[in-house]
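Structure first, then comments.
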Amino acid sequence: MMALMAAFLAICCFLLLSMAPTAVAATDHVVGGSIWSIPTSSGHYQAWAKNRTFFVGDNLVFKFDLGMYNVVQVGSGEYEYCTWEDPYNTFDDAPAVVNLDFPGVRYFICTVGNYCELGVKIYVTVQKPY
């Protein structure tokens, strides 16, 4: 009888552990696939983002020439109009690594010169992990 109970407990423990969520390794996404710079087409960064899935815990990695570019996290209106009156965060050092620590849409622009108007901007939609 004790052996039967021990086997039953072992099976229950195994089933509970197998149903527990597993940790998923975070992904480092190098923005644009290379360097954060003026693209050949204004939709370059958005096209890149549409081909990827971003999860909470992942990182965006912005590689850029120090002093020539920056990364500023802004709201949707500021993104749309390339303004930055009230930025959430500013990254002047390269590479800038941004942890995607909550689900939702995140917006980023470059505030050097007119680079944002030239297409140095991106938004990503961050999903909850499965």
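The values are calculated or read from the model by the stated rules, or taken from the named source; none is laboratory data. Computed from a predicted model, the values in this text were never measured in an experiment. Quick reminder, even Gly has a Cβ in these numbers, built from the backbone with ideal geometry, and neighbours come from all protein chains shown. With ligands, DNA and RNA removed, areas are computed over all heavy atoms of the protein, side chains included. Shrake-Rupley method; radii C 1.70, N 1.55, O 1.52, S 1.80 Å.
Structure notes:
- Tabulated pairs, segment 50-72, first hydroxyl-bearing (Ser, Thr, Tyr), second in a loop (DSSP other than H, G, I, E, B), C-beta under 6 angstrom, 6+ apart or interchain: Tyr69/Trp36; Tyr69/Cys110; Tyr69/Val112
- Candidate set: segment 71-111, residues that are open to solvent by 20 Å² or more (accessible area, probe 1.4 Å) and aliphatic (A, V, I, L, M); chosen: the one farthest from the chain's Cα centre (by Cα): Ala94
- Filtering segment 80-130 to residues that are in contact (Cβ under 8 Å) with a residue 12 or more places away in the chain, in a loop (DSSP other than H, G, I, E, B) and among the hydroxyl-bearing types (Ser, Thr, Tyr) leaves Tyr88, Thr111, Tyr115, Tyr130.
- Scanning segment 31-49 for residues that are open to solvent by 40 Å² or more (accessible area, probe 1.4 Å) and assigned to a strand (DSSP E or B) yields a count of 3.
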